[in-house]
């Protein structure tokens, strides 16, 4: 594989293994140490110790090994099924559950649970690691996600994603007070050039549009409802941070310290609207806010 090139600007004093783990997606600190020991990490073209301290002026080249094949297997993991028929299944995913197998998460994912629940009856359009998966939700985001049980359903739903007729609505709590009651963020998103685990608003990125409206205001926080026009990776999280109002509990785009009482960021997919891939009839589904979210709202209300 081609090496990943990283600049160490703003990383002065960081250990090499910690720096690689922070900047390279899917690489833990232990995995970073192994890569360094194997000579797969070069600092200005030369090997270095995992404990080497960076000056902030280097270029670090990381060559990842070819990924080992992961064979997704059925696992009996409980699912909160909101809707199911012969063509589609919609699940209320809890925060903390990874959607599909990937390096670092070979099993225990939503895909493993779906393979068990659907007895292997999922579309193959997404490939061996993502059977049935039409769209994704971040690991630490909860809420509605749809999967297809056959290829025809998958292709029909993918077309709806493309023409924006598969509508997704989220609710979130953001830090700070937005001045307007509603608005739109139209700002392109691409992978952050400095930190590969993050996305960023970047000129030349893929078009990304998020519509938002205020549900309630609290001292220092705002409860929002967001409607996705596009579906970029981390889109709502990136756009809210871009506005200067990161999502509460988002340790990637907001404060680094976790919020007591929250498993992840306070972001939940509350509604899903689509045309049924077989009948073309409209389907609209809703799910309640998770307990952590409602508990946080009660706590904020009590501070008023």
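Among the residues of segment 196-223, those identified as outside any strand (DSSP E or B) and over 23 Å from residue 295 (Cβ atoms) are 196, 197, 198, 202, 203, 204, 205, 207, 208.
Looking across segment 219-251, the residues that are out of contact with any strand residue (DSSP E or B) (no Cβ under 7 Å at 6 or more places or on another chain) and under 14 Å from residue 201 (Cβ atoms) come down to 241, 244.
The residues of segment 25-58 include none that are assigned to a strand (DSSP E or B) and closer than 19 Å to residue 252 by Cβ.
Could you tell me whether any residue of segment 78-92 is loosely packed, with under 15 Cβ neighbours inside 10 Å, on the phi > 0 side of the Ramachandran plot and in contact (Cβ under 8 Å) with a residue 12 or more places away in the chain? Scanning segment 78-92 turns up no residue that is loosely packed, with under 15 Cβ neighbours inside 10 Å, on the phi > 0 side of the Ramachandran plot and in contact (Cβ under 8 Å) with a residue 12 or more places away in the chain. Taking segment 235-250 as the range and being under 23 Å from residue 145 (Cα atoms) and either outside any loop (DSSP other than H, G, I, E, B) or out of contact with any helix residue (DSSP H, G or I) (no Cβ under 9 Å at 6 or more places or on another chain) (or both) as the test, the residues that pass are 235, 236, 237, 238, 239, 240, 247. Checking 9, 22 one by one, the residue that is in contact (Cβ under 8 Å) with a residue 60 or more places away in the chain, outside the structural domain of residue 281 (by TED's automatic domain parsing) and either surrounded by fewer than 16 Cβ atoms within 10 Å (Cβ to Cβ) or in a loop (DSSP other than H, G, I, E, B) (or both) is 9 and no other.
For (1) under 23 Å from residue 270 (Cα atoms); (2) more than 18 Å from the chain's Cα centre (by Cα), each residue gets a yes or a no:
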site: 183; (1), (2): yes, yes
site: 201; (1), (2): no, no
site: 204; (1), (2): no, yes
site: 213; (1), (2): yes, yes
site: 232; (1), (2): yes, no
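The listed residues are 100, 135, 179, and the only one of them that is under 15 Å from residue 240 (Cα atoms), modelled with pLDDT under 95, outside the structural domain of residue 9 (by TED's automatic domain parsing) and not in a helix (DSSP H, G or I) turns out to be 179. Within segment 4-28, the residues that satisfy the criterion of being touching a helix residue (DSSP H, G or I) at 6+ places or on another chain (Cβ under 8 Å) and over 21 Å from residue 191 (Cβ atoms) are 16, 17.
The values are calculated or read from the model by the stated rules, or taken from the named source; none is laboratory data. Just so we're clear, the structure is a prediction, and the values are computed from it rather than from any experiment. Heads up, the Cβs are rebuilt from the backbone with ideal geometry, glycines too, and the neighbour counts pull from every protein chain shown.
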